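The block underneath contains the structure these notes are about, expressed in structure tokens.
Here, each number is a calculation from the coordinates, and none is a lab measurement. Nothing here was measured: the structure is a model prediction, and the numbers come from that model. Because the Cβ atoms are built from the backbone with ideal geometry, glycine has one as well, and the counts that use them run over all protein chains shown.
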Amino acid sequence: MRIVDLQLTLRASGAGYAAEARLSHSGSQADAVLAADAPVALDSSALLLRVLDPAAYGRALTDQLFADPQLRAAWQRARALADGANLPLRLRLRLPAEAGALHALRWETLRDPLTDVPLACDARLRLVRYLDSPDTRPITLGPKPELRALLVIANPRDLSAYGLAEIDVEGEVGRVRKALGSIPLTVVGDHEDAVSRQATLRAVQAALREGPAILCLICHGAHDGDDTTLWLEDDDGKTCRVSGEDFGQMLAQLDSPPLLVTLIACDSGGALAALGPRLALAGVGAVVAMQAKLSLGAARALLPALFKELASDGAMDRAVSVGRAALCDGGEWWVPALWLRVREGRLWAEDAPTPTVSAGIHVGGSVGTVQVVNVSGGQVGSIIGSQHNYGVPLAAAPAASGRAEAIAAQRRRLEQHRATLAHYLGQIAITGSANARPEVTAGIREARAGIARAKAALAALGEAIEDMPDDTP
């Protein structure tokens, strides 16, 4: 899978943090360290003041993370490389497993430092949290498994005694079943189709031993700063509070933990999101957790997109990116957080393409060795000798040609974005900004973001760019 990967690793340093920016992409076998020991000062108090406004929170977090010029330059270079090669960009936040304060931040609200567009709303950008795990069991990507899902809904019958609302079990089962499409579903919880009517830890463990690839957990939870408590059920259907540590240990002891765990919060805000790092450390390949209660409308948009994209090729980072993009018309695009243990974002191996040979004459082999000759796909013989190339050196031709093509492609994109911008600005001139339709203002914002990306890509290619008055607000 061709992708540009920018990994930002944060570690404690003195009273704050230090960051390393490491760039890798499919066109190179070596990583490039773009920034080392860049200071990062995160002000959680300032962020807390903006917690009810995702846009303001994201701008403050972006300013804090990219305050150092090294990190801003690293971001610009990674973005330009991805745009210039027309490849997706993965921003991998590598956070220390023990740093609970870092995991509690809403990284999914981050915005592009160059264009101020929310990163989670860009379907070409894959924002993930990456964790190392002490689990020594190797994660090897096998072929696509038979996808089966387990849905656990804990709805203890004494929730009202704790001031908690009952969960709509029937509705949740219907929504998840519809979102899964053709993926078979097993239910644990108070539902007529359930294999166990009580969502006890023992029942969950027994159902997981059947080896479902996907676990969806819907329940109440609480987080006290040290651990998360899940409100599961006992054998009588009453509340049984299970620590996140015990739940994670149960997963870690399975012969085959789920490839994906999805945690959906009820009225307990982002309490279940705090469980994400623990489950990733327990050996789960990917954890998607909601940092706040997800509205019914958002759930109907997110879950089908998530499971459909996952089933297509197992690329979990891309599936979450597409799911977040489906929420951008509302205000909940930042709610889904993704923790990964798998390095390349995939939960199973990519199918190897079947080699094909087109008609014509093909010469294979190294210079000065046996050359195998194929004509119209059929091997007809071999020759021994040397191979000569005339004109520019072999290594120089693709580089020059590739640069020229990249420049031409970016200039075309720049003109297309400017034409789109001119169209929308013309509508603003007619109606006035106060009466502009939402799609017009959104179109202007996206066009200017595209202009900024194209100009950054051209600058990285060493190409001079003329600034136009309307390129920026």
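The alpha carbon gyration tensor of the range 1-148 gives principal lengths a ≥ b ≥ c with a/c below 1.5, which makes the shape rounded.
Assuming a ≥ b ≥ c are the square roots of the Cα gyration tensor eigenvalues, decide whether the range 172-214 counts as rounded (a/c under 1.5), prolate (otherwise, with a/b larger than b/c) or oblate.
It is oblate, given that a/c is not under 1.5 and a/b is not larger than b/c.
Computed extension length for Ser312-Glu245: 20.8 nm, one decimal, from 0.36 nm per residue of separation with the Cα-Cα distance subtracted. Around the amide H of Leu294, modelled in the peptide plane, lie the amide H atoms of Ala265, all under 5 Å away and 5 or more residues distant in sequence or on another chain.
Shape verdict for the range 8-91, please, from the Cα gyration tensor: rounded (a/c under 1.5), prolate (a/b greater than b/c) or oblate. In terms of gyration-tensor shape, oblate. Projecting label points 7 angstrom from Cα along Cα→Cβ for Glu344 and Glu166 puts them 4.9 nm apart.
Qualifying trypsin sites (Lys or Arg not before Pro) in the range 271-350, where qualification requires a DSSP coil assignment and no more than 13 other C-beta atoms within 10 Å, comprise Arg343. Model label points for Asp63 and Ala206, set 7 angstrom from Cα along the Cα-to-Cβ axis, are 5.6 nm apart.
A Förster radius of 35 Å, combined with the Cβ-Cβ distance separating Ala15 from Leu49, puts the computed FRET efficiency at roughly 0.95.
When the alpha carbon coordinates of the range 201-332 are projected onto the principal axes, the ranges are 41, 31, 27 Å, largest first. Out of the range 1-110, which GluC sites (Glu not before Pro) are coil in DSSP terms and have no more than 13 other C-beta atoms within 10 Å? For GluC sites (Glu not before Pro) across the range 1-110 that sit outside H, G, I, E and B with at most 13 neighbouring Cβ atoms in 10 Å, the list reads Glu98.
Multiply the residue gap between Lys178 and Asp226 by 0.36 nm, knock off their C-alpha separation, and tell me the result in nm, one decimal place.
Gain on stretching Lys178 to Asp226: 13.7 nm.
The distance between label points at Val195 and Ala30 comes to 5.1 nm (points 7 Å beyond Cα on the Cα→Cβ vector). Centre-to-centre separation between the Cα atoms of the range 93-122 and those of the range 263-321: 16 Å. Using a cutoff of 8 angstrom between alpha carbon atoms and counting only pairs six or more residues apart, the relative contact order for the range 136-278 works out to 26 percent. The GluC sites (Glu not before Pro) of the range 442-473 that meet both conditions, a loop assignment by DSSP and at most 16 other Cβ atoms within 10 Å of the site Cβ, are Glu463, Glu466. Comparing Cα centroids, the range 193-255 and the range 61-82 end up 40 angstrom apart.
Extents of the range 409-471, taken as max minus min of Cα coordinates on every principal axis and listed largest first, are 41, 17, 15 Å. Annotation: amide H of Cys216 within the under-5 Å range of Leu150, Leu151, Val152, Thr262, sequence separation 5 or more or interchain, hydrogens built in the peptide plane.
Listed by chain and number, the aspartates and glutamates whose C-alpha is less than 20 Å from the C-alpha of Lys144, apart from same-chain residues fewer than 8 away, are Glu210, Asp255, Glu309, Asp313, Asp317, Glu344, Glu350, Asp351. Would you kindly derive the ³J(HN,Hα) couplings of the range 333-346 from the backbone phi angles with the Karplus curve 6.51 cos²θ - 1.76 cosθ + 1.60 (θ = phi - 60°), listing them in order in whole Hz, with x for Gly and Pro? Calculated HN-Hα couplings, in order: 4, 8, 5, x, 10, 10, 10, 10, 10, 6, 5, 9, x, 9 Hz.
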